[in-house]
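Worksheet for the structure shown next.
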Amino acid sequence: MKIILLILACISAAVIWQQAQLAVLALGRIDPVPEVETLIAEERYAEAADYLDFFLNYDYVRDDPNAQALHAEIEKVRGSLSYRASKLGEGLFEGTSDEAIGKAAGVITDFFVIGDLRDLAAQGSNWVQGEEVDEVVAALAAIGVVATAAQVASAAATVGTAGAAAPAAAGTTGVKGGVTILKAARKLGKLPPWLGKTLVNSAQTVKKTKKLDSVTDLFNDVYRLARTPGGLNLLSKTSDAASLRRMAKAAETFGDSTATLYRIGGPTFLKTAARAKQLGTESIKLASTYGVKGLRVLDKIGPTRFIKYSARASKIAYKGDFFDLIARFLAMLPTWLLYLLCGLGIVAWIPWQWLKRLGQSLIPEKQIPAA
């Protein structure tokens, strides 16, 4: 029993010493292939490309022949003339698209007020025919018309003041960009309920005042998402103006990788992204290849040790399922249990009998009183 306790104590001490490294070794990296195959089956090629491209930055996916084959398949479809024509049509006639060419067409029609008038006419037609009117789309179109007028006025003022009115022109551009993406989000069912209510109320204020002050900050945050691939998906995950601001800041920091990072880490990614200056963007991306657990370990042990231990784990050639299971088991052991086992090992090997005799020898014998 004493030997068993000693062995357990030694193992526990080693686990405590190497706890951070074991936490990284216990992580399993994400295989993107199954998710990409699902997206291809659903014909969501742009989303599949963004997701796979993120992981292709890492050797373990770049060297996977299945990932390479999927990448070639996606590029072939996205490069075809028929696919690009269909996406261009989406942007021109529907104002929505998940591809750059379709987004550009949608932006052009909306920026030249064509899209706003188109949507207002469509909603007006629905009202005349007694059909359901989409208040949110109508509100966005109304805001878009005001923004277009303000944009023209700002541009003229910029010329007249030799550039002094440029900030105002930039602000109206942000609102116009926000209108475009919010229309697309509404049509694709990706506009969160809280934002729909806010837009209807804001449109009434804009209509009364003929000013965009009440919506500028909100639309600028939306516009920042609009410039990010997968921005509509990110927008749909927001719950209020504060969460929209956090999402917009994350998009500004991580750019094209934001949608994929959020798909992997969700709210945990947003929490980690807020500390991007301390943790580093590349460290956060690396940790994301291990999933939510990877982000949590990074937050716990810091970027320097995480990168070092991750590189070390990838170099362990003999590391297989057996070693993964051992590492995961040891990493799951609570710290209090490890310290308890160390304590038991020490207690079991303390020479109690020797200490008892030593104590007795140090106690002076009772002196017997004289008769």
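The values are calculated or read from the model by the stated rules, or taken from the named source; none is laboratory data. For clarity, every value in this text was computed on a predicted model and none was experimentally measured. Here Cβ is always computed from backbone atoms with ideal geometry, including for glycine, and neighbour counts include all displayed protein chains. Calculation scope for accessible area: heavy atoms of the full protein, side chains included, ligands and nucleic acids excluded. Shrake-Rupley method; radii C 1.70, N 1.55, O 1.52, S 1.80 Å.
Carbon and sulfur together cover what percent of the accessible area of segment 176-303 at a 1.4 Å probe radius?
Numbers: 2880 of 5810 Å².
Reported share for carbon and sulfur atoms: 49 percent.
The protection proxy used here, the mean number of other Cβ atoms lying within 10 Å of each residue, ranks peptides 214-222, 29-37 as follows, highest first: 214-222, 29-37.
For segment 249-262, backbone phi angles converted through the Karplus equation (6.51, -1.76, 1.60; θ = phi - 60°) give residue-by-residue couplings of 5, 4, 5, 5, 7, 9, x, 4, 8, 4, 4, 5, 4, 5 Hz, Gly and Pro being listed as x.
Using a Förster distance of 41 Å, how high is the FRET efficiency between D59 and T253, based on the Cβ-Cβ distance and rounded to 0.05? Given R0 = 41 Å and the Cβ-Cβ separation, E is 0.95. For G266, the shell of other residues with beta-carbons less than 15 Å away shows a net charge of +4, using +1 for Lys and Arg and -1 for Asp and Glu. The stretch between V292 and N66, if pulled fully straight at 0.36 nm per residue, gains 78.9 nm over its current Cα-Cα span. Checking the cross-link pairs K190/K271; K87/K271; K237/K277; K87/K197; K249/K293; K187/K210 against a 28 Å limit on the alpha carbon distance flags K87/K271; K87/K197 as lying beyond it.
Could you sort the peptides 233-243, 45-55 by per-residue average Cβ neighbour count (10 Å cutoff), highest mean leading? Intermediate values should be presented prior to the final figure.
Working: 233-243: 16.3, 45-55: 21.0.
With the highest mean Cβ count within 10 Å placed first, the list reads 45-55, 233-243.
If each residue of separation counts as 0.36 nm, what is the full-extension length gain between R305 and S86 once their alpha-carbon separation is subtracted?
Details: separation 219, 0.36 × 219 = 78.84 nm, distance 4.81 nm.
Roughly 74.0 nm would be gained on extension.
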